[in-house]
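In what follows, a structure is listed as C-alpha cells, so that the remarks can point back to it.
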Amino acid sequence: MDALQRRVIQEDMVQYKLFLIQPDGSSSQQTEEHLSQLVEEILAKVAPLLIQYIWQHQPFNLKYHPEKGSAPAHIGGSTQFGDNVEDEWFIVYLLQQITEAFPDLAARVEDNDGEFLLIEAADYLPKWLNPDTSELRVFLYRGELHILPCPSKSSPVGIAKDVVPSVAQALALLSTHPDACRASPKICSVLRKRLEGYPEKIETGLHRAHCFIPAGIAKLLAQRPDLIAPAVSAFYLRDPVDLQACRSFKTFPPDTRVLTSVTFTRCLYAQLQQQQFTPDRRSGFTLPPLSHPQYKAHELGMKLAHGFEILCSKCRLPSSEPDAPISCNPQWKGFMDSLKRNGYFRGELEGSARFSELTRSAENFFKQSVTSKSSALSPGEEVLQLLHSCSSFNIEELKKQESQLPQEDSDSWLDITAQDLERMLQERSGGRADVGSQNSSSTKQTQRVTGAEERRRETEDDNEEEEAGYSLVAVSQGMKNFLSAMSSHEGAELPWSSSSQPFSFEPVSMANALDRLLGSKDEELDSDDLGDDDDDDEDEEEEEKEEVSSGHVEMNGSETLDSLRQYMDQMDLELMSTNIGKSFNQTNYSKADLDSGSTHPSAEGSPPREGGVEDTEEEIQPLDVDFNLVTNLLESLSCQDGLAGPASNLLQSLGLHLPPNSDSS
C-alpha cells in the first residue's frame, strides 16, 4: 500500500482494533449483535482495572465498527494519551489481557509512529522486517505477540515481504498457523519487560498530596477523582484569555478552602508542581511565605483551583431538568450482571456502604465508556452538572476531617540524579552498556593519551572505582569496529548488533570477493573500460579479449599500490598549503618509546615521500590516530555539557559509557 494512502493517526493518539479470528459468516445484523455483546463482556472483564485508573486525556473505549472496504466488522477505539505515554502501554496491557481471556479475538494497536511494538523490540527483529514490510503483520493473539512471517527455505508458511496482506488473509494465517506466527522469544521477552509491573503499576503510578482547595472542588473529587486530569491540563495549557476568568472566582471562591488529600497520577502531579505561577491579586488567593510548613499544599491547591475555574469558564450553566437515572438504560442491567460474574463486588452485601461505593464507581465508568451521552459533555459541563446536582456540603464538617487525612506521598521521585539516569539508560539498552568496560585492565597503559594518569594520582582514593568502569582503549577500538563494519544503503549497522546473530559463512561469495579484491585473471572489466564496437568481426573480438585479459594480469598488486601512493602524495601536496594539519596533534616518538615496545601504526604505515617533497618541505611527523580520535571525542563531549549530542549518541550506540567530566578546566 502506498504510504501516501495510509490514514495518518493523530499525534499522541493510540488506535486499537479487535477482530474475530474466525468470522462465522453470519449476517451483518447478527455480527453487530455478537460484537456489541462482546464489548459489554470485555468492559466488565477489565472494569476493576479501569475504574481505579486516571487517564491523562481520554479513557479506553470500545465500540462497534461495521465492515468498511477490506476491513471486516470489528470493535475498537482510539485514545489520546497526551503527555503520559504510560497510558498507551497500559492499553497494550489491556489488549493483552483481553486477547488472553477471549481467544477468539486478535488485536492490532498502532500510533502515529506505526507499529510501536516493533520499535520497542527493534534490536531483535529479522532483517526483512522494516516499516515498509510490517503493515498488517503485527497482532496480539491469546496474550502473546504474533508477527506474520515471510516464507523461507526452512518454512514455506507466510506472506511475501513485498505483499501487504488483507485483514482477512492475516487472520486466516494467524488462525491456521499460530505457532509459526508467534514472535521470537527475545521479542516477546522485550514486550513482557515493558509491561512488567501491571496491574500493580496502576497503584504505584498514583501520587497523593495534601492541597488547600475550595470545598466545592473537594466534594467533586470525592465523587469523580478522574476530573483531576482535565483540571490540571486546563491550568497547564492556560493562555491569557483563560486567566481573565480567574480574576474573580465565581464558581469556586477561595474563602471556602479546606485541606484535603488529592490523588494525582505522577505525570499530572509533575505538570502541576513544576510550573511557576503567581496568582492575580484580585483573585483572592494568597500564599504563605516559603518557609511555611504547608506552603506546598497552598500552592498546589491554588493551581488546581485555577484549573477548575478555567474549565467552568468555558461552559454554559447546566439545565435544571434532572437527568434520567442510569437504571433506565437497557444496557445497565446486563453490565451489572457481568460485573457480578467477574467478582467486581468482592462478596460485599448489597446495600452496604462498600457495595454502594463500588456501584457509584461503576456508574461513572458506565457513563464514560459504555454510553455515548457523557462523551457529548465537556469536562467543564460535567463539573457544573455535578455541582448543580450534588447536595449542599458542610464546610465545617470538611474542616473537621483535616486531622484525619492520610499521610501524603513523598515526591522524591521527581529528583533524578545523573547516576539514576545512567542506570535507567543502561536498563533500556538491554545490557549492551558493558561493551565500554571491556579491556579495563589496560586503562593504565593509555592514560598518557588524555593526561588522566595525573588526575588519577591526585584523586586515586575517590575515583579508582569509577575509573575502572570504562576504558579509553575500548573507545578507540569501538570506533575502529564501527568504521570497519559492513553496512548497506539503509544505514549504518552497529558492531554489537551482529554479535547477537548466528555467524554464517558463504565460501562462494567469499572467494568472489577475494578475486575482485586481488584482481583475478578470470574477472572481466566493467563495460566502461571496454571499447564498444559492434561492427567488428569475431576474430577482432577475440583478439581484443586477449589483449584486455593480458593487460589485466599485468595490473598486479604493486602497480595498484603505486597508483594509490601517487594519489595520496598529490593530496598531501594540496593539503600542505591549508590549515588542516594544524587541527591534528603531532606526536614525536623518541628512541626510548621505540625501544620500550610502543607500536604506532600510523608511523609504521606512513609511505615514503618523494625526493622533491623532502627537500622543499618539512618532514611530516606521523599521526597517532587513536590519540586524535579520543581527544576530539572528549572535546565534543565536554562541549555538550551533559546534553545529548553527536559524540554522546555515537558512543551510546556503540555501548560505550564515559563518566561526566570532573575537570572544570
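The values are calculated or read from the model by the stated rules, or taken from the named source; none is laboratory data. Every value quoted in this text rests on a predicted model; they were computed, and no experiment measured them. All Cβ positions, even for glycine, are placed from backbone atoms using ideal geometry, and neighbour counts span all protein chains on display. Please note that ligands, DNA and RNA were not included when accessible areas were found on the heavy atoms of the full protein model with its side chains. Shrake-Rupley method; radii C 1.70, N 1.55, O 1.52, S 1.80 Å.
Data table
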read-out: Part-to-part distance (alpha-carbon centres) for the range 267-292 and the range 623-645, which is given in Å; value: 43
read-out: Whole-number percent relative contact order across the range 13-199, with pairs defined as alpha carbons under 8 Å at least 6 apart; value: 24
read-out: Residue 258 long-range amide H proximity, modeled H, under 5 Å; value: 213, 215
read-out: Lys, Arg +1 and Asp, Glu -1 on Cβ, resulting dipole of the range 205-314 about Cα centre, debye, nearest 20; value: 100
read-out: Contact order normalised by residue count of the range 21-131, Cα under 8 Å, 6+ apart, percent; value: 21
read-out: Cross-link pairs beyond the 31 Å C-alpha cut-off, checked among 17/303; 303/340; 17/367; 17/340; 161/480; value: 17/303; 303/340; 161/480
read-out: Distance between the range 188-254 and the range 91-153 - C-alpha centres, whole angstrom; value: 33
read-out: Residue 263 accessible area, 1.4 Å probe, all protein chains in place, Å² to nearest 10; value: 40
read-out: Relative contact order of the range 205-314, defined on C-alpha pairs under 8 angstrom at six or more residues apart (%); value: 48
read-out: Anisotropy class of the range 205-314 from Cα gyration tensor, a/c 1.5 cut; value: rounded
read-out: Backbone HN-Hα couplings from phi across the range 14-30 [Karplus 6.51/-1.76/1.60, Hz, Gly and Pro as x]; value: 10, 10, 9, 9, 10, 10, 6, 5, 9, x, 8, x, 6, 5, 5, 5, 5
read-out: Projected label distance in nm at residue 423 and residue 378, using a 7 Å step from Cα toward the beta-carbon; value: 4.5
read-out: Euclidean distance of C-alpha centroids, the range 298-313 and the range 1-74, integer Å; value: 35
read-out: Computed magnitude of the charge dipole of the range 185-225 (debye, nearest 20; Cβ of K, R +1, Cβ of D, E -1); value: 160
read-out: Shape of the range 13-199, Cα gyration tensor, a/c cut at 1.5; value: oblate
read-out: Those residues of the range 173-216 whose amide nitrogen sits under 18 Å from the label point placed on residue 123, 7 Å along Cα→Cβ; value: 184-196
read-out: Sites residue 404 and residue 356 - FRET efficiency at Förster radius 25 Å, r taken between beta-carbons, to 0.05; value: 0.75
read-out: Theoretical FRET efficiency, 1/(1+(r/R0)^6), r = Cβ-Cβ of residue 247 and residue 348, R0 60 Å, to 0.05; value: 0.80
read-out: Burial order of peptide ranges 291-301, 34-44 (average beta-carbon count within 10 Å, highest first); value: 34-44, 291-301
